[in-house]
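The values are calculated or read from the model by the stated rules, or taken from the named source; none is laboratory data. None of these values were measured; they are calculated from a predicted model. With ideal geometry, Cβ positions are generated from the backbone for all residues, glycine too; neighbour counts draw on all protein chains shown. Note: areas computed on protein heavy atoms with side chains; ligands, DNA, RNA excluded. Shrake-Rupley method; radii C 1.70, N 1.55, O 1.52, S 1.80 Å.
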Amino acid sequence: MAANPQPQSRTIPTVKLLIDGRFVESKAREWRDVVNPATQEVLARVPMCGPDEIDRAVKSAAQAFKAWRSTPIAARARIMLKLQELVRRDMKKIAAVLTDEQGKTLPDAEGDVFRGLEVVEHACSIGTLTLGEFAENVAGNVDTYFIRQPLGVCAMITPWNFPMAIPSWKLLPALVCGNTCVIKPAQDTPLSTFNLVRTLVDAGVPKGVLNIVTGFGSKVGGPLTEHPDIRAVSLTGSTEVGRIVGTSAAKSFKHCSLELGGKNPMIVLDDANLDLAIDGG
């Protein structure tokens, strides 16, 4: 299958970063095309972020954590409800972008978006799920109690196959609990995650609470897991990468959540252009 020629007059958009509450153009030296797998049309160009941009995103989240953790949980939950309203309003448009970059049929893409929205109700109920406990007189003149508090800055690394649902599952509960986040979507399907992040900003997430950086896992995911201001890491990916991330996080005792491997086979049809697939990564 030959790649479709791009119209000479068409300007290919670039994926922006969200750092400290601002959508900014990356200063990356290396960029990667986001390609429609059905037509080979280049949809956008995504930056391979450098260490400085990653550090700025993490430090922005660390600074924002001080105020965000003190924001009443009901106020944080209201932002999630606003997000749900906005995503439902723009469901068709968001699903169409997901289909273009990921290749799912439109009904499957809408299901991906909806599965992300399903976690909103759970996230909004977290206020009643995060209660502490108290035990009186467990020993002579000794009482015990524990309280649940947000961890701090969380790094989220997400895959290409569910670019709306999986980021939603990671981000929304973490944000409602009072954490701040830096998310790195898959470099092949960043547009859907960008739509989610932009909608969260429109819903009222304050400056610095949520940041997005892009690039290859080894160049961006690695520095995120090693950054001293990151307190927790969540990865959905391969078992091989999970071993690397888990080992890196353990060195500084970061909380680490890993969803690894997979059970779904890939079906390659007789008319598949394997040379193109191999060349394109």
Show me the three semi-axes of the equivalent ellipsoid for the chain, from the C-alpha gyration tensor (sqrt of 5 times each eigenvalue), largest first, rounded to whole Å. 35, 20, 19
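Size of the dipole of the chain about the Cα centre, Lys and Arg at +1 and Asp and Glu at -1 on the beta carbon, nothing else charged, in debye to 20? If you can, show how the numbers build up before the last one.
Details: 31 positive and 30 negative charges, 199 e Å.
Computed about the Cα centre, the dipole is about 960 debye.
Just reorder LYS251, LYS207 by solvent-accessible area, largest first, 1.4 Å probe, all chains present.
So, going from the largest accessible area down, we get LYS251, LYS207.
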How much solvent-accessible surface does SER218 expose, in Å² to the nearest 10, with a 1.4 Å probe and all protein chains in place? 100 Å²
Counting only DSSP beta bridges with both partners in the range 88-205, the antiparallel fraction in percent, to the nearest 5, comes to 45 percent
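If I take every Cα pair under 8 Å that is 6 or more residues apart in the range 146-234, average their sequence separation and divide by the length, what percent do I get for the relative contact order? Write down the numbers at each step before the final one.
Details: 128 pairs, mean separation 35.1, N = 89.
With pairs under 8 Å counted, the relative contact order is 39 percent.
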Quick check on the range 68-216: what does the Kirkwood estimate of hydrodynamic radius come out to from the alpha carbon pairs, in Å? 16.3 Å
With Cα atoms, 0 to 90° folded angle of helix 106-124 axis to the chain main axis: 10 degrees
Whenever you get a sec, line up TRP160, TRP31 from highest to lowest accessible area (probe 1.4 Å, protein heavy atoms). TRP160, TRP31
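In deg cm²/dmol, rounded to 500, what helix-only [θ] at 222 nm does the chain give when every DSSP H run of at least 4 residues adds -39500 (n - 2.57) and the total is split over its residues?
On the way: 10 runs with 120 residues, N = 281.
Theoretical 222 nm ellipticity from helices: -13500 deg cm²/dmol.
What whole-number volume per residue, in cubic angstrom, does the convex hull of the C-alpha atoms of the range 131-281 give?
Values: hull volume 24.7 nm³, N = 151.
Spread over its residues, the Cα hull of the range 131-281 gives 163 Å³ apiece.
So what is the relative contact order of the chain, in percent, for Cα pairs below 8 Å that sit 6 or more residues apart? All intermediate terms of the calculation are to be shown ahead of the outcome.
Details: 510 pairs, mean separation 63.6, N = 281.
Once divided by the residue count of the chain, the mean separation gives 23 percent.
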By accessible area (1.4 Å), largest first, ARG231, ARG78, ARG29, ARG10 order as ARG29, ARG78, ARG231, ARG10
Binned at 5 Å starting from 0, the alpha-carbon pair-distance distribution of the range 13-111 in whole percents comes out as 2, 11, 13, 14, 17, 17, 16, 7, 2, 0
Accessible-area value, VAL233, 1.4 Å probe, nucleic acids and ligands omitted, Å²: 0 Å²
